[in-house]
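Enquirer: There's a structure below that I have some questions on.
No value in this document is a laboratory result; all are computed from the given coordinates. Computed from a predicted structure; not experimentally measured. Reconstructed Cβ throughout: ideal geometry from the backbone, glycine too, with neighbour counts over all protein chains shown.
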Amino acid sequence: MCLARGELLIGGQDVLLGQIGGQPFYIGAAQFEYWRHTHLIVDVVAGHGGMFSLEGPLGLRFLTRSRLYAAEEEARLPPVGRGPTE
């Protein structure tokens with residue numbers, strides 16, 4: 001889901017994966033542990049996504065694809081950041 005900045009409280013259990021369009025992209029720590037060896041590709045396509053997501057009224061949705069990292073790719077990954085701790 002895409003939320004306006006400030007609408008999602010980020011905490012120590014959130015992992016910053018990177019940025020999409022200059023905006024931070026977070027994933028929960030438990031999900032990150034499951035997906036940490038996976039390259040996630042996020043696209044925006046025509047269609048209807050989550051009703052609370054910002055792209056919904058525009059007739060768009062997110063489509064996430066994935067593939068496992070090759071060992072040499074995984075070795076080059078930078079460390080991930082955590083959200084602020086309370």
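Enquirer: Taking the Cα centre as origin and putting +1 on Lys and Arg beta-carbons and -1 on Asp and Glu beta-carbons, what dipole magnitude results for the chain, to the nearest 20 debye?
Expert: Working: 7 positive and 9 negative charges, 25 e Å.
Charge dipole, the chain, about its Cα centre: 120 debye, nearest 20.
Enquirer: Calculate, in nm to one decimal, what Ile10 and Trp35 gain on full extension: separation in residues at 0.36 nm each, minus their alpha carbon distance. Working shown, then result.
Expert: Working: separation 25, 0.36 × 25 = 9.00 nm, distance 1.91 nm.
Here the segment from Ile10 to Trp35 would lengthen by 7.1 nm.
Enquirer: While we're looking at this one, here's another question. Taking 8 Å as the Cα distance limit and 6 or more residues as the minimum spacing, I'd like the relative contact order of the chain as a percentage.
Expert: Details: 112 pairs, mean separation 32.7, N = 86.
For the chain, the relative contact order is 38 percent.
Enquirer: Charges on Cβ only, +1 for Lys and Arg, -1 for Asp and Glu, centred on the Cα centroid of the chain; of Ile27, Leu58, Gly81, which one is farthest towards the dipole's positive end?
Expert: Working it through, the farthest residue towards the positive pole turns out to be Leu58.
Enquirer: Fewest Cβ neighbours within 10 Å first, please rank Leu60, Leu9 accordingly.
Expert: On the way: Leu60 17, Leu9 9.
Going from sparsest to densest Cβ surroundings: Leu9, Leu60.
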